[in-house]
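Everything below concerns the one structure shown next.
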Amino acid sequence: MNALSTPEATDHRSDDPGSPTTCSEYLLVCQARCSEINRGTWQFSLEASDGELVLEATDEEVGDLNRLTLLAAVRGLESIEGASRVTLLSTNRYMIRSLSDSLPRWRSNNFVWEHFGRRIDVQHADLWRRVDRALSIHRVEACLVSSKLVSTDSPVAAATARTIQTDRGTSNLRFDAGHAGPNRPASSAASKSGSKDQLRQWLLGTAAAPESQTARRRFTAADLRAS
């Protein structure tokens with residue numbers, strides 16, 4: 001997971017949302033999924049720093065995956081009252097990179113660019129203007145979340161492959177009972193909640209830490225263990 005801050009957004013703020021005595025902390029998770037080429041659903045969930053779900057919303061609209069993800073971010077940021085610290089999580093590389101690399105340039109050019117002698121709006125300019133307005137109110141840390149399947153020969157992957165073969169009409173397959181895994185210590189609901197809270201606090205702490213400290217910080221398995 002790569003964290004990209006947006007320090008440029010602080011240049012035109014009228015107040016200081018980074019002050020710990022005056023602003024709240026939120027975790028905003030933005031998702032989107034396309035059911036067709038140009039249509040799909042967006043979804044966001046907004047959590048407080050203590051893990052309480054503040055707001056969750058989803059809707060179906062016209063747009064590609066990038067626009068739908070931007071819609072989720074816009075709706076989530078605009079739902080927050082008052083200047084706040086926000087850690088925004090998304091799997092959409094276009095949105096996270098544009099927040100860090102392209103938005104300052106688009107802002108200075110009033111969200112238009114020259115194309116064969118004509119000045120036209122940048123893609124999704126209507127949403128980017130709304131995002132930029134939200135960044136003038138909140139202190140936002142944008143985090144790109146990515147994952148890759150690396151255990152293709154695992155029992156779960158093999159079972160999935162057997163299921164696919166069965167769905168395609170393959171018969172006479174033998175399904176052996178799975179091997180018993182290592183014994184795991186019993187965990188209470190409180191310990192599970194503690195692990196989740198530690199991960200949340202790590203994410204929020206990364207957003208609040210200075211950039212120089214964030215670059216040196218390492219995330220270890222100990223951060224996920226319940227205290």
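The values are calculated or read from the model by the stated rules, or taken from the named source; none is laboratory data. The structure presented is a predicted model; accordingly, all values stated were derived computationally and were not measured. Cβ placement follows ideal geometry from the backbone for every residue including glycine, while neighbour counts extend to all protein chains displayed. Protein only, heavy atoms only, side chains kept; ligands, DNA and RNA dropped before computing areas. Shrake-Rupley method; radii C 1.70, N 1.55, O 1.52, S 1.80 Å.
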message: Out of the residues in the stretch 112-132 meeting the condition of being aromatic (Phe, Trp, Tyr) and surrounded by fewer than 18 Cβ atoms within 10 Å (Cβ to Cβ), tell me which one is farthest from the chain's Cα centre (by Cα).
response: PHE116
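Yes or no, residue by residue, for (1) open to solvent by 40 Å² or more (accessible area, probe 1.4 Å); (2) within 17 Å of ASP126 (Cα to Cα); (3) outside any strand (DSSP E or B):
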{"residue": "GLU25", "(1), (2), (3)": "yes, no, no"}
{"residue": "CYS30", "(1), (2), (3)": "no, no, no"}
{"residue": "GLU47", "(1), (2), (3)": "no, no, no"}
{"residue": "VAL74", "(1), (2), (3)": "no, yes, yes"}
{"residue": "PRO104", "(1), (2), (3)": "no, yes, yes"}
{"residue": "ARG107", "(1), (2), (3)": "yes, yes, yes"}
- prompt: Within the group THR69, THR41, THR58, which residue is closer than 18 Å to ARG129 by Cβ, touching a residue at least 12 places away in the same chain (Cβ under 8 Å) and either surrounded by fewer than 19 Cβ atoms within 10 Å (Cβ to Cβ) or among the hydroxyl-bearing types (Ser, Thr, Tyr) (or both)?
  reply: THR69
query: Of everything in the stretch 76-85 that's over 21 Å from ASP126 (Cβ atoms) and either part of a strand (DSSP E or B) or touching a residue at least 40 places away in the same chain (Cβ under 8 Å) (or both), which residue is least open to solvent (accessible area, probe 1.4 Å)?
result: SER84
- request: Determine which single condition VAL150 fails, assuming it passes every other condition in (1) in contact with an Asp or Glu (Cβ under 7 Å, 6 or more places away or on another chain); (2) open to solvent by 60 Å² or more (accessible area, probe 1.4 Å).
  value: (1)
